[in-house]
Structures are given as structure tokens and as C-alpha cells.
1. Restricting attention to region 198-246, report how many residues are part of a loop (DSSP other than H, G, I, E, B) and under 30 Å from Val149 (Cβ atoms).
2. Please verify whether Asn160 is surrounded by fewer than 14 Cβ atoms within 10 Å (Cβ to Cβ), more than 14 Å from the chain's Cα centre (by Cα) and closer than 22 Å to Lys101 by Cα, treating the condition exactly as stated.
3. Based on what the data block shows, is Asp185 closer than 21 Å to Phe65 by Cβ, among the charged types (D, E, K, R) and either surrounded by 13 or more Cβ atoms within 10 Å (Cβ to Cβ) or in contact with a helix residue (DSSP H, G or I) (Cβ under 8 Å, 6 or more places away or on another chain) (or both)?
4. Tell me, yes or no, whether region 196-203 has at least one residue that is farther than 23 Å from Leu138 by Cβ and in contact (Cβ under 8 Å) with a residue 24 or more places away in the chain.
5. Of (1) out of contact with any strand residue (DSSP E or B) (no Cβ under 8 Å at 6 or more places or on another chain); (2) under 27 Å from Ala207 (Cα atoms); (3) modelled with pLDDT of 95 or more; (4) not hydrophobic (A, V, I, L, M, F, W, C), Glu5 satisfies all except one. Which?
6. Kindly provide the set of residues from region 27-45 that are farther than 15 Å from Thr190 by Cβ and of a type outside the set (D, E, K, R), ordered by number.
7. Tell me, which residue of region 87-120 that is among the basic types (Lys, Arg) and under 19 Å from the mean Cα position of the chain (by Cα) is surrounded by the most Cβ atoms within 10 Å (Cβ to Cβ)?
8. Looking at Phe211 and the list (1) surrounded by 13 or more Cβ atoms within 10 Å (Cβ to Cβ); (2) touching a residue at least 24 places away in the same chain (Cβ under 8 Å), which single condition is not satisfied?
Amino acid sequence: MALKEQIDLMKLPEHLAIIMDGNGRWAKKQGLLRAIGHESGTKSVKSNIETCAKIGIKYLTLYAFSTENWNRPLLEVETLMRILIKALKKELKTLQDNNIKLNAIGNLDKLPRTAQKELLDVIDKTKNNTRMTLTLALSYGSREELINVVKSISDKVKNNIISIDSIDGSIINEHLYTQNLPDVDLLIRTSGEHRISNFLLWQIAYAELYFTDILWPDFKEQDLYEAIISYQKRERRFGKTSEQVK
């Protein structure tokens, strides 16, 4: 039986997040420049976006550029920003054809002005699409996000907008970048690393984690199916016993 046919479409993760890792190592293995690895990674981005939309994933979040990535060599950062701008221009048609809404989270003010403009343009042009929400985490760091949440809530408490006693999980959710997204159900990381790397720390509290040795440019449709099949074989208990969730 083909992998796609093994997937239970009634038990898909509602929110899938992916740490796209391994572009540089992929290029090194091929004897190519790191920039070529990042370019090749965009092909996997397109393939996986289309696959998720096709099978019915409602929310897909991709870790595209972290707050720590600003510390990479300047030339590589500039290359990544150029690739981002190029991809946004090129893939607008893909998003429209697949009825996909683009969203972005992170400290977007740090992006180059050209990248901000292109990003906001695509977000605006796809805002009415309903099949799937694609979120790009750009200049994103979960610790920075949580620090901002604490500051924002503290300011509201100080100004008597909310009381300390009213602060709960829902209040925190309302102040996150991801306030309009459900919690992550499945988190995939490619390239053999077994780290979260400061990605959606609050939002993945009960996510299933899936690690694969495949480098991101090689992560294709069948690999995504394998991850989803693994997810569907697991029992999600959310702190309860097996008997309680049956």
C-alpha cells in the first residue's frame, strides 16, 4: 500500500510545524556553496506546502529564520534575505492557486525593508484564502516572544487593564505571535538534530515530536507522509491515562 493511502485523513494534525534544518550540510555533501543548499531548500518548502494543502492540513508553520540566525556571517544572512524575497515573489501564484493564506511571526521589523514590503504584500494578497494558513517564522525566537508577552501583560496589570488573578493560559495565548493559531500537534525536525532550538516553546507543550536524519532539501512528499503516519500511530494522552482517552 502506498504511504499516502496509509494516512487517516480524519486524524491529521491540525497544526504541523517544521524546523527545516540541513541546507548547509546538504550543500557541503554535494561540494557546493551553502547558498545553493538554501536555494535547494526552497524547492522542498514548495513541495511540502503543496502536499500539506492537498491532504488537508489546516495550519503549517515553518521555521525559516531565527533570531540567532542574525549571528551568521553577513554574506549568508544577505543571501537568505535575497532568497526569501525571491521566493515570496515567485510563490505567490502557488499560494493563490492552492487557496493558501500567508502569515508571519517574529520580530519582523528587523527584516530588510525590501523583505518586509514583499512579505506584507503577499500576506495582503492572500488574506482571504481559506484552505490552509501557512505561517513563516522569521526573525523568530520563542524566548524573545515570551519576554514580550510578560512585558505586555505586566504593563496591562500596571495600568489596571487586567488583574493578576485573571492571568491564565488563555491570556498568555492572546499575547503570543501565534494568537490566531491552535497549539502545535506535530513538530518535525530534519537533519538528525534532536533540539527544539528556541521554536514555539509554549505552543509545542503537548506536540508529538518527529526527528529524521534526512536533510531538508531531500525531505520530500513521501517523507512527510512517513512523519504523519508515525504521528497517527501514537496515543496522545495530554496527561491522562490510556483508559481515559479511549
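1. Filtering region 198-246 for residues part of a loop (DSSP other than H, G, I, E, B) gives 198-207, 212-215, 219-220, 233-241, 246.
Of the ones still in play, those that are also under 30 Å from Val149 (Cβ atoms) are 198-207, 234, 236-240.
The total comes to 16.
2. Details: surrounded by fewer than 14 Cβ atoms within 10 Å (Cβ to Cβ): yes; more than 14 Å from the chain's Cα centre (by Cα): yes; closer than 22 Å to Lys101 by Cα: no.
Here the answer is no, as Asn160 does not meet what is asked.
3. Values: closer than 21 Å to Phe65 by Cβ: no; among the charged types (D, E, K, R): yes; either surrounded by 13 or more Cβ atoms within 10 Å (Cβ to Cβ) or in contact with a helix residue (DSSP H, G or I) (Cβ under 8 Å, 6 or more places away or on another chain) (or both): yes.
It is false that Asp185 is closer than 21 Å to Phe65 by Cβ, among the charged types (D, E, K, R) and either surrounded by 13 or more Cβ atoms within 10 Å (Cβ to Cβ) or in contact with a helix residue (DSSP H, G or I) (Cβ under 8 Å, 6 or more places away or on another chain) (or both).
4. To start, the set of residues in region 196-203 that are farther than 23 Å from Leu138 by Cβ comprises none.
No, because not a single residue in region 196-203 is farther than 23 Å from Leu138 by Cβ and in contact (Cβ under 8 Å) with a residue 24 or more places away in the chain.
5. Against the list (1) out of contact with any strand residue (DSSP E or B) (no Cβ under 8 Å at 6 or more places or on another chain); (2) under 27 Å from Ala207 (Cα atoms); (3) modelled with pLDDT of 95 or more; (4) not hydrophobic (A, V, I, L, M, F, W, C), Glu5 comes up short only on (3).
6. Listed by number, the residues that qualify are Gln30, Gly31, Leu32, Leu33, Ala35, Ile36.
7. Keep residues of region 87-120 that are among the basic types (Lys, Arg), which gives 89-90, 93, 101, 110, 113, 117.
From what is left, the residues that are under 19 Å from the mean Cα position of the chain (by Cα) are 101, 110.
Numbers: Lys101: 18, Lys110: 13.
Step by step, filter region 87-120, then rank; the result is Lys101.
8. Unmet condition: (2).
The values are calculated or read from the model by the stated rules, or taken from the named source; none is laboratory data. Note that the structure is a prediction, hence the values are computed from the model and not measured. FYI the Cβ positions are ideal-geometry reconstructions off the backbone, even for glycines, and counts take in every protein chain you see. Please note that ligands, DNA and RNA were not included when accessible areas were found on the heavy atoms of the full protein model with its side chains. Shrake-Rupley method; radii C 1.70, N 1.55, O 1.52, S 1.80 Å.
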